[in-house]
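Trainee: The structure is given below, and queries will be raised subsequently.
Bear in mind that the values in this text are calculations on the coordinates, not laboratory data. Since we're looking at a predicted model, the values are computed, not measured. Heads up, the Cβs are rebuilt from the backbone with ideal geometry, glycines too, and the neighbour counts pull from every protein chain shown.
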Amino acid sequence: YAILSHTWLDDDLEVTYDDAKQGLAHTRTGLGYEKLARFCETAARVHGVDLAWMDTICINKDSTSELDESIRSMYRWYQESHICIAYLLNTTSLDDMPADRWFTRGWTLQELLAPQRLKFYNKHWEALTQDENDKPHTYGAASPIHAAIEKATGITPSELQLFKPGVGNLETKMVWAAHRTTTRGEDRVYSLLGVFSVSFPIAYGEGVERAFFRLVEAILHS
């Protein structure tokens, strides 16, 4: 399956789980539907897969249990995908790639680290490189896209290539996440569960400080 990594539009622009459940997804117009359609088209035509997963439409956020399971499984879903398609809404070329909003969001850190195969597309759904996989390879030299990723994130090509989830290199991983933002405060913490390979129940409303305390506690116990 292909999995999409992206930054959300305003809620009323995205195609949602409820739209799909009510059979209305195909009736939507605008940027949200275009993103869904182009993602599916790219997954099938370019990457040859029949199944595609996108968080806006594939998670029932009204179900607390489904949301909890999804958040705690997200790293693995990205890791096990055939291809992760990263859509950069603010990017036209490698030159402006480091300034894209995608690199400032909390959830996209694990979406950069987890997949074995990752492909970046610009705002026009044009591939930013000719390579089949934009992740660094052991057998290849770093390319301009890896320099752009390092400029945006501070993550070197070798760190990206050799990354392992878990509590190793704890300080470095915290630095990577330090300046990223999320819409809900607690998600700054929940988006790191897979990065540190820990798990605990999701509890929106607990506040970011309490969530971070639980993260540290889980790391110490792992």
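Trainee: Hey, any idea what the orientation-averaged projected area of the convex hull of the stretch 26-99's Cα atoms comes to, in nm²?
Mentor: Over all viewing directions, the stretch 26-99 projects a mean Cα-hull area of 6.7 nm².
Trainee: Here is a further query. Under the Kirkwood approximation applied to all pairs of distinct alpha-carbon atoms, what is the hydrodynamic radius of the chain in Å?
Mentor: It is 18.1 Å.
Trainee: What is the extension gain from HIS221 to THR7, computed as 0.36 nm multiplied by their sequence separation minus the C-alpha to C-alpha distance, in nm to one decimal?
Mentor: Difference between extended and current length: 73.8 nm.
Trainee: Moving to a separate point now. For a label point 7 angstrom out from the Cα of VAL175 toward its Cβ, which stretches of the stretch 143-167 have the backbone nitrogen within less than 15 Å?
Mentor: So the set is 150-160.
Trainee: Then there is this: Would you pull out the residues with amide H under 5 Å of LEU118's amide H, same chain only if 5 or more places away, H placed 1.01 Å from N?
Mentor: Long-range HN contacts for LEU118: CYS84, ASP134, LYS135.
Trainee: At 7 Å along Cα-to-Cβ for each site, give me the label-to-label distance between ALA142 and LYS123 in nm.
Mentor: 2.8 nm
Trainee: Mind listing the long-range amide H neighbours of GLY166? Cut-off is under 5 Å, sequence gap 5 or more, other chains count too, H placed in the peptide plane at 1.01 Å from N.
Mentor: For GLY166, whose amide H was placed from the backbone, the distant partners under 5 Å are PHE196, SER197.
Trainee: Now for a separate question. So how much slack lies between ASP96 and LEU31, counting 0.36 nm per residue of separation and subtracting their Cα-Cα distance, in nm?
Mentor: Between ASP96 and LEU31, full extension yields an extra 21.3 nm.
Trainee: If you stretched the chain out fully between ASP50 and ARG38, how much longer would it get, using 0.36 nm times the residue separation minus the C-alpha to C-alpha distance?
Mentor: Values: separation 12, 0.36 × 12 = 4.32 nm, distance 1.39 nm.
Once the chain is fully extended between ASP50 and ARG38, it gains 2.9 nm.
Trainee: Taking amide H positions as placed 1.01 Å from N in the peptide plane, with prolines and chain starts having none, which residues 5 or more places from TRP53, or on another chain, fall under 5 Å of its amide H?
Mentor: ALA2, ILE3, LEU4
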